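The values are calculated or read from the model by the stated rules, or taken from the named source; none is laboratory data. Keep in mind it's a predicted model, so treat the numbers as computed, not measured. Every residue, glycine as well, gets a Cβ built from its backbone with ideal geometry; the counts of neighbours run over all protein chains shown. These area figures cover heavy atoms from the full protein model, side chains too; ligands, DNA and RNA do not enter into them. Shrake-Rupley method; radii C 1.70, N 1.55, O 1.52, S 1.80 Å.
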Amino acid sequence: MAMAENIANSFLNDFAKTKQGNDTIFSCWARYQEAIAQGHDAVNGTIGALLEDDGSLAINQTVDEFVRNSPPIEIAAYAPLKGLPEFLDLAVTLALGDARDELEEIGLCHTATASPGGSGALYLAAANYADRGSKVLLRDRHWGPYDGFLAGCGLDIATYPLLSGDSGLDLAGLESSLRELSTSQTKIMSWLNDPAHNPTGLSLTADERMSVLKAFADAAMGNENIGYTLLIDAAYHLYAEEPHGWAETITDALHDGLEWPANLLLTFAISLSKSHTVYGLRGGALVTIHPDQSVVDRITTVMGVTGRQTWSASSRLAQYSIAKIHSNQESGAAWSDEKVRMTEILKQRRKLFISACNRLNVSINPTHDGFFAWLEHDNPQTIVDSCAEDQVYLVPLKGGVRIGLCAIPTDKIERVAESLSNALNV
Ligand SMILES: Cc1ncc(COP(=O)(O)O)c(C=O)c1O
């Protein structure tokens with residue numbers, strides 16, 4: 001075996017050699033499936049897809065209908081390299097919501113590039129908005145694949161804490177990280193998965209968003225030779241209470257007199273995977289905003305060329321069918337009704353989970369929106385193993401246990417809280 005590995009290493013470059021093992025989440029899911037195969041009454045809290053209470057994948061029926069009824073040419077043909085124009089326009093609306101018109105009136109310019117899912121959008125940002133060898137700023141609890149996207153682009157990571165006491169934002173941690181990076185880098189990018197953070201379900205409040213925006217604007221104003229990019233990873237935003245809170249915060253800040261520094265860029269990684277339940281169709285976009293049209297024009301070119309050199313064009317079918325749904329009021333409303341129904345499922349599961357955890361003294365993290373909840377713990381594997389003995393399957397990650405509310409049937413939620421309580425009390 002060791003011998004075979006050595007032979008393989010003779011073909012692999014140094015970065016390839018760092019790639020190890022299975023994705024934790026998928027291996028936990030496999031463990032759950034194995035339990036089911038053995039006939040156990042097992043609970044699936046592992047995967048990051050919304051499941052109905054019967055365990056089947058929740059599928060937005062409007063999307064399904066439009067995908068199936070797309071003309072053959074829209075399935076077979078390439079999309080334009082940067083994306084179908086009507087989809088790119090929709091991507092801006094998905095990022096900014098109703099605030100879009102006002103932001104355009106104030107003079108903000110935007111550009112969008114289609115990508116294979118939100119992951120593709122994150123790759124576009126990693127490949128272009130940071131210097132190789134520099135650090136990208138993340139919160140200490142973040143979606144695991146970020147590490148790989150960044151490492152693949154030759155980037156390191158700096159982190160600040162997810163929480164500060166009861167607050168969902170460690171502003172002091174963010175500000176001091178920005179100050180520190182500003183002494184050694186000429187480009188600083190930060191990724192923030194908000195609202196409905198994976199893996200905790202945390203969403204920032206309007207005040208917290210404003211503090212983050214101001215921290216970046218202040219840093220940019222104080223360091224005119226450094227380019228700052230704040231990336232909002234909006235993978236779950238359409239399931240949140242305030243889906244377009246960031247665009248609203250930007251609007252409020254500009255109304256309150258914020259002078260947008262020329263060296264500040266804001267960018268949204270949009271994913272259709274969850275919002276439109278087309279995980280496998282690979283639809284997404286990177287939407288970037290800045291007050292100067294020449295800046296966004298240049299970004300349009302750079303992102304288009306990056307896509308061309310990486311995956312060629314993105315899926316035409318995803319772009320065509322989703323744009324078509326939203327071009328018509330009736331189908332747009334039908335999609336939205338389904339999405340509201342799914343949001344309600346998540347809300348109900350979260351409410352039950354929080355109240356059971358409170359009752360059982362399971363001290364979970366603050367959790368507000370989206371697919372997940374989180375138990376901070378120094379030894380997550382022991383908790384996950386103990387829960388597995390109760391046939392409850394969860395995911396151990398760095399610093400805690402991810403509870404996939406999206407996958408757990410509503411009537412099994414209490415069982416998960418009880419199992420966590422048992423695990424904590426042994
Ligand atoms: C935090 C976060 N960002 C981005 C994505 C990207 O998803 P996709 O590439 O499937 O659109 C995901 C998917 O799980 C995610 O959890």
Item checked: Spatially near lysine pairs across the stretch 72-329, Cα under 26 Å, sequence gap of 8 or more or different chains -> 7
Notebook entry, point to check: When the chain is fully extended, how far beyond the present Cα-Cα distance does residue 31 get from residue 183, taking 0.36 nm per residue of separation?
Noted result: 50.1 nm
Next item on the list: For the stretch 48-114, state which chymotrypsin sites (Phe, Trp or Tyr not before Pro) are in a DSSP loop and have at most 14 other beta carbons lying within 10 Å of their beta carbon.
Entry: 78
Next item on the list: Would you mind computing, in nm to one decimal, how far apart the modelled labels at residue 241 and residue 3 are, each placed 7 Å from Cα along Cα→Cβ?
Entry: 6.2
Notebook entry, point to check: Over the stretch 58-207, what is the mean sequence separation of C-alpha contacts under 8 Å (at least six apart), divided by residue count, expressed as relative contact order in percent?
Noted result: 18
Next item on the list: Just need log10 I(q)/I(0) for the chain at q = 0.08, 0.10, 0.13, 0.14 Å⁻¹, Debye formula, equal scatterers on the alpha-carbon atoms, no solvent, rounded to two decimals.
Entry: -0.45, -0.72, -1.22, -1.39
Check: What length, rounded to one decimal in nm, is gained on full extension from residue 23 through to residue 258, with 0.36 nm per residue of separation minus their alpha-carbon distance?
Finding: 80.3 nm
Note to self: Once you place label points 7 Å from the Cα toward the Cβ at residue 389 and residue 214, how far apart are they in nm?
What the structure shows: 5.0
Next item on the list: Divide by every residue of the chain the summed helix terms, -39500 (n - 2.57) for each DSSP H run of at least 4, and state the resulting mean residue ellipticity at 222 nm, rounded to the nearest 500 deg cm²/dmol.
Entry: -14500 deg cm²/dmol
Next item on the list: Let me know the longest stretch in the chain that avoids all trypsin sites (Lys or Arg not before Pro) found in a DSSP loop with at most 16 other C-beta atoms within 10 Å.
Entry: 133-397
Next item on the list: Run the numbers on the stretch 72-329 and let me know its relative contact order in percent, using alpha-carbon pairs under 8 Å that are six or more apart.
Entry: 32
Next item on the list: Enumerate the amide H contacts of residue 139 below 5 Å, restricted to partners 5 or more residues apart or on another chain; note that Pro and chain-start residues carry no placed amide H.
Entry: 160
Notebook entry, point to check: Which FRET efficiency, nearest 0.05, do residue 329 and residue 74 yield, Cβ-Cβ r, R0 22 Å?
Noted result: 0.55
Item checked: Å² of accessible area per residue within the chain, as computed with a 1.4 Å probe and no ligands counted -> 44
Next item on the list: Output the antiparallel fraction of DSSP beta bridges having both residues in the chain, as a percent to the nearest 5.
Entry: 50
Notebook entry, point to check: If exposed GluC sites (Glu not before Pro) are those in a DSSP loop with at most 10 other Cβ within 10 Å, what is the longest stretch of the chain that has none?
Noted result: 1-223
Margin query: If you fit an axis through the alpha-carbon atoms of helix 413-425 and take the longest principal axis of the Cα set of the chain, what angle between them do you get, 0 to 90°, nearest 10?
Written below: 70
Check: Given R₀ = 30 Å, FRET efficiency for residue 65-residue 410 by Cβ-Cβ distance, to 0.05?
Finding: 0.70
Next item on the list: With the full set of protein chains in place, find how many percent of the accessible area of the stretch 72-329 is carbon and sulfur; take the probe as 1.4 Å.
Entry: 49
Notebook entry, point to check: Distance from the Cα centre of the stretch 164-238 to that of the stretch 43-70, in angstrom?
Noted result: 32
Margin query: Between the stretch 76-139 and the stretch 353-381, how far is it from one alpha carbon centroid to the other, in angstrom?
Written below: 32
Notebook entry, point to check: Taking a point 7 angstrom from the Cα of residue 308 along the C-beta vector, which residues in the stretch 120-142 have backbone N less than 18 Å away?
Noted result: 124-125, 127-128
Margin query: Using a Förster radius of 22 Å, what is the FRET efficiency between residue 13 and residue 132 based on their Cβ-Cβ separation? Nearest 0.05, please.
Written below: 0.90
Next item on the list: Using only Cα atoms, find the angle between the long axis of helix 293-310 and the longest principal axis of the chain, and express it within 0 to 90 degrees, rounded to the nearest 10.
Entry: 50
Next item on the list: Sticking with the crude label model, points 7 Å out along Cα→Cβ, report the distance from residue 147 to residue 81 in nm, one decimal please.
Entry: 3.5
